[in-house]
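**Q** Following this message is one structure expressed as structure tokens.
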């Protein structure tokens, strides 16, 4: 784990840290399974950020102002949230066209979330497809 990201995660409550680490592991697993190359893990705008070549950044964070959830952010000028809302309308709550809200007390929907993360990690090869090929 990137030392800056590790330090940031250490500031979160345990429940948030566990949920964020689970999403992090899912990002790494999807990239590995789909052979997308190395994942760049950094801290951007104070949030953990993940990127592979050919993808769009995925950021995630927990914030005190919304203490019962983490958020997974996608670039707002992509079609990701629009597509995810269309395909998985009732699976998540959303924040505009930029974030999926994942409650801390809910089990992680690994299959569905993994598919959403895969679309972000492969975004530039999918962006021309209807519903990003979903």
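The numbers here are math on the coordinates, done by the rules we state, and not lab data. Not measured: the values here are computed from a predicted model. Note that each Cβ is placed from the backbone with ideal geometry, even for glycine, and that neighbours are counted across all protein chains shown.
**Q** Angle between the Cα long axis of helix 110-121 and the longest principal axis of the chain, 0 to 90 degrees, nearest 10?
**A** So the helix axis and the longest Cα principal axis differ by about 70 degrees.
**Q** Still on this structure: Of the listed peptides 51-57, 64-70, what is their order by residue-averaged count of other C-beta atoms within 10 Å, with the highest listed first?
**A** Per-residue mean Cβ counts within 10 Å order the peptides as 51-57, 64-70.
**Q** Ranked highest first by average number of other Cβ atoms within 10 Å, how do 75-81, 103-109, 42-48 line up?
**A** 75-81, 42-48, 103-109
**Q** Cα-Cα pairs above 26 Å in the chain: how many percent?
**A** 15
**Q** When only Cα pairs under 8 Å and 6 or more residues apart are kept, what is the percent relative contact order across region 3-133?
**A** 25 percent.
**Q** Moving on. By how many nm would the segment from residue 40 to residue 105 lengthen if fully extended, with 0.36 nm per residue of separation less the alpha-carbon distance?
**A** 20.6 nm
**Q** Applying 1/(1 + (r/R0)^6) with R0 = 41 Å to the Cβ-Cβ distance of residue 77 and residue 7, what FRET efficiency is obtained, to the nearest 0.05?
**A** Between residue 77 and residue 7 the formula returns 0.90.
**Q** Quick one: helix 14-33 against the long Cα principal axis of the chain, what's the angle to the nearest 10°, folded into 0 to 90?
**A** 30
**Q** Could you work out the helix-only [θ] at 222 nm for the chain, with each DSSP H run of four or more residues adding -39,500 (n - 2.57) and the total divided by the number of residues, to the nearest 500 deg cm²/dmol?
**A** One gets -11000 deg cm²/dmol as the mean residue ellipticity at 222 nm.
**Q** Once the Cα gyration tensor of region 12-65 is found, what semi-axes does its equivalent ellipsoid get, as square roots of 5 times the eigenvalues, in whole Å, sorted largest first?
**A** Output for region 12-65: semi-axes of 22, 13, 7 Å.
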